[in-house]
């Protein structure tokens, strides 16, 4: 092998080695998400449409469900709020705060027995919770009436 | 008959191991984590025995060296350097008998100096070996032989691990892989082994090519090889071994290079001896592999066939006591070296034929193409299956847990982007801070702190080291072996979403005493200004009945006039909850007439992985669905705890005391192949049991959201609140009361909470009321995310750019905030 070929071969080996090193870096890609996901994570929207979009991207995020539920309650969209709270409880059955919120909605539409049930659930996970006790007493009082 | 060179080689290996252990002991002592968590508390018995018998070991090594150097002391082969070495080491040995050195090793720079000095003994002996054994002529190594060896070694090593993978998966309790996923893992592992051995071949080809192009001799090729091995060892030690114990920076680099160079030169010295007996012509690689050369072709074949057994045996022997796969990954090096050596020895036939054929370039290019085909094609193929569980990253991680060789290649090949490298560098600079003067800061939940406005109940804090929440019935209905804790829980508050702030005892326990997070350092001295729990005990006049474990002594420091010590004289690793509770019960009975309230505290070690896996399970005890070695001691301590609660009731103390049962951290018990807690912050390590019993009057007036995220660092602010204070709210880095007076309502805990490992640059960001955990592991350069909404140890989820940006930002901000509080600026 002449001198030139020898160095050419060495160059090829070095290039292969480099390609090998660069290739190995590509083993662990990070998925590019919908750019809106960044907005949800970094600066959550305050309007319902934005929160719905966030929830579509993060369908198990209870905090988004609660924000959205509160927004729907404020806008008298009680059925939508109730659906969200039920969805939140499907993710985490033990969240006393959600039980109380759901209970209040149930109370509002007159289902006192179900509201009392939610209040009892809330008290199980949050003993002596003032909000849950209050809900229970309202539900029980109404039921007695 | 065994050849003299073999005896010399074994002798050198034995003495070198002795000096390497000496160096490792001293160097690790310089690392505050290793010193305060393992060496000083004597977690393992053997370092203590090694220190005690050190001068005897030194003497035995000297005798071994005398025997192997005997032919060079007198006669025609006399070497004055050998004589001088023996004389000098004899003097050192005599000095060591009178002045035991190792017992004086502590967490100071002197230890590092002594550790590095210990390497001079094998290094000097290796230089003497090179001087006394004449160098033999070498021929140029052949590219084709190298290529053939690398290709065969890739197949053999891949197969050695792949064969055992299904069996290891079958017996791994926490890895769920479908058959398709296993297949994907095996294919990826095959390609990765091809890539790794191609890299080895190209490196060797580059070395030989450069030497020849520069008209150098085969000897230069040999020494370049030795240098490459020394460098490779140094890099593995620095980035894999030392990084795993948070040892970094200039001192770690010096230690890594010292160890790498010593091992390579000693190896080379042994190679000289072993090659001296051989008559055939050798090339540089032959000479380098001489220490483990087997002359018999049949024996080589048998060893090669047994390689899968050796690979499996080595990995299995260390898996349960491993340090986040470190030992398993290091064991891979042994298997690789053995495979390469055996195959290189077999490939002598045809070695004379040269050599630099186009094939030696075509094959690596083909491997590269195969890699690209697999990495580009795999996601598409997986997509076609429509199986959402076949996330390529998760599949490869799961498979790597049962294939240490693949795991090793993945880790070595991993590289970070510039942004990631900067972030991980930032975390490392703020972690396991060593040998830096940091002044303590005053932390007060109440200022000025006067006598408690409310009642002073007795307080029991039981921190069962490593107790997992899913091994006790209040958290797992499938547990039938903890009736004592179950009964206690029914009369207590069970916090369902409790976490530790730190993934190991070293900082988890201090965070309880502080009531929050602290600078990542073991430990700031004096610690008392940060110790808010101690301040409370002092001002409220509590008697202390405490186990003074290796961390407690550093938390309280100085004389404690009100202290009654538990487990006095018992090594920490032997703290047995049953024994301690018995002693505590006795002391409570003795002190019944004392009207002052007491604070009882212990950190029992029954469940710690270093004990649990070493203790035999009583005959006939089986715990389906659980690991017997862990469930058995849990059952035992549960029975003792149940009896203790009964005793408290009999003494009339149960209804007048705050009793807290928790753990400092959990443990991995096979999840994704992991065992123990080492430096990780995975959900099974960070989620802990937290059961709090309140005195009756308090229990009847307090409200607690049991599903809100809670931390063990909330314990101290909670005690403040229970004694009638209004502890200050210091934000997400500090704890807050778990209970509120009943009419009050606790707000939803939505803050982002920083979690951290105690021993490495691994941090977590816990968000969404404890339902989402983002983990960034700067040691391995990896990130993970877990959805914890299901209440267990969660489900791993894919990381998006947005998720990463947000969590990195939050982690950086909170780590910086801690540093600022302690006026700490890392060295750049």
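Every read-out reported here was derived from the displayed coordinates using simple, explicitly stated rules and does not represent laboratory data. Nothing here was measured: the structure is a model prediction, and the numbers come from that model. Cβ coordinates were reconstructed from backbone atoms using ideal geometry, including for glycine residues, and neighbour counts include every protein chain displayed.
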Principal axis dimensions, segment B:564-641 - Cα atoms, whole angstrom, descending: 47, 23, 17
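Which whole-number percent is the relative contact order of segment B:1-132 (Cα, under 8 Å, 6+ apart)?
Details: 101 pairs, mean separation 55.9, N = 132.
That works out to 42 percent.
Under 1.5 on a/c is rounded, so check that first for segment A:44-144, then, if it is not, pick prolate when a/b is larger than b/c and oblate when it is not; a ≥ b ≥ c are the square roots of the alpha carbon gyration tensor eigenvalues. Mind showing how you got there, number by number?
Values: a/c = 2.57, a/b = 1.73, b/c = 1.49.
In terms of gyration-tensor shape, prolate.
With an 8 Å Cα cut-off and a minimum separation of 6 or more residues, compute the relative contact order for segment B:361-494 in percent. Please list the in-between numbers first.
Numbers: 30 pairs, mean separation 9.8, N = 134.
So the answer I get is 7 percent.
Return the average number of partner chain Cβ atoms within 10 angstrom of each residue Cβ along peptide B:700-709.
On the way: counts 2, 1, 2, 9, 5, 9, 6, 12, 5, 0.
Counting other chains' Cβ atoms within 10 Å and averaging over B:700-709 gives 5.
Sorted by average packing, counted as other Cβ atoms within 10 angstrom per residue and highest first, what order do B:140-152, B:444-456 take? Display every interim value, and only then the final one.
Working: B:140-152: 21.9, B:444-456: 13.7.
The densest-packed peptide leads the list: B:140-152, B:444-456.
Averaged over A:87-94, how many beta carbons belonging to a partner chain fall within 10 Å of each residue's beta carbon? Working shown, then result.
Numbers: counts 0, 1, 0, 1, 5, 10, 3, 5.
Taking all residues of A:87-94 together, the mean is 3.
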Simple spin-label estimate for residue B:21 and residue B:6 in nanometres, 7 Å along Cα-Cβ: 2.4
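Can you tell me the FRET efficiency between residue B:486 and residue B:790 if r is taken as the Cβ-Cβ distance and R0 is 25 Å, rounded to the nearest 0.05?
Values: r = 22 Å, r/R0 = 0.88.
Calculated transfer efficiency: 0.70.
Highest mean first, how do A:86-97, B:127-138 rank when packing is the count of other Cβ atoms within 10 Å averaged over residues?
For the peptides A:86-97, B:127-138, the packing ranking is A:86-97, B:127-138.
Please arrange B:628, B:465, B:176 by how many other C-beta atoms lie within 10 Å of their C-beta, fewest to most.
Numbers: B:628 15, B:465 28, B:176 10.
Listing B:628, B:465, B:176 from fewest to most nearby Cβ atoms yields B:176, B:628, B:465.
What does the extension gain come out to for residue B:67 and residue B:421, with contour length at 0.36 nm per residue minus their alpha carbon separation? Let's see the in-between values first.
Numbers: separation 354, 0.36 × 354 = 127.44 nm, distance 5.08 nm.
Using 0.36 nm per residue and subtracting the Cα-Cα distance, I get 122.4 nm.
For chain A, what is the calculated [θ] at 222 nm in deg cm²/dmol (nearest 500), taking -39500 (n - 2.57) for each run of four or more DSSP H residues and dividing by its residue count?
Only helices count here, giving -24500 deg cm²/dmol.
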Reference-scaled alpha-carbon Rg (2.2 N^0.38 Å with N residues) for chain B: 1.04
P(r), alpha carbons of the protein assembly as shown - 10 Å bins starting at zero, rounded %: 2, 10, 18, 21, 19, 14, 8, 5, 2, 0, 0, 0
Additional length obtainable on full extension of the chain from residue B:730 to residue B:825, 0.36 nm per residue less Cα span: 32.0 nm
Anisotropy class of segment B:95-253 from Cα gyration tensor, a/c 1.5 cut: oblate
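Fewest Cβ neighbours within 10 Å first, please rank B:759, B:734 accordingly. Before the final figure, lay out the partial values.
Working: B:759 32, B:734 23.
The most exposed by this proxy come first: B:734, B:759.
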Pair-distance profile P(r), taking every C-alpha pair of segment B:643-778, with 10 angstrom steps and integer %: 11, 35, 31, 18, 4, 0
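Rounded to the nearest 500, what is the 222 nm mean residue ellipticity of chain B from helices alone, with -39500 (n - 2.57) per DSSP H run of 4+ residues and division by all residues? Intermediate values should be presented prior to the final figure.
Working: 28 runs with 423 residues, N = 828.
Theoretical 222 nm ellipticity from helices: -16500 deg cm²/dmol.
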Helix A:62-74 axis, angle to chain A major axis (alpha carbon atoms, nearest 10°): 40
Principal-axis tilt of helix B:109-118 within chain B, Cα atoms, nearest 10 degrees: 30
Exposure proxy ranking, count of Cβ atoms within 10 Å, fewest first, for B:708, B:212: B:212, B:708
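Report the full-extension gain for the segment residue B:120 to residue B:565: residue separation times 0.36 nm, less the Cα-Cα distance, to one decimal in nm.
Numbers: separation 445, 0.36 × 445 = 160.20 nm, distance 4.48 nm.
In short, 155.7 nm is gained.
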With Cα atoms, 0 to 90° folded angle of helix B:218-236 axis to chain B main axis: 10
Chain A: relative contact order in percent, alpha carbon pairs under 8 Å with at least 6 residues between: 12
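Based on the mean of other beta carbon atoms within 10 Å per residue, what is the order of B:104-115, B:402-413, most packed first?
Per-residue Cβ counts within 10 Å, averaged per peptide and sorted highest first, yield B:402-413, B:104-115.
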Cα centroid separation - segment B:1-46 against segment B:610-664, whole Å: 37
Two-site FRET efficiency, residue B:437 against residue B:622, from Cβ-Cβ distance with R₀ of 60 Å, rounded to 0.05: 0.65
Cα gyration tensor, segment B:621-679 - rounded (a/c under 1.5), prolate or oblate: oblate
FRET efficiency, 1/(1 + (r/R0)^6) with R0 22 Å, evaluated for residue B:110 and residue B:250 via beta carbons: 0.85
Cβ neighbours within 10 Å from other chains - mean over B:192-200: 2
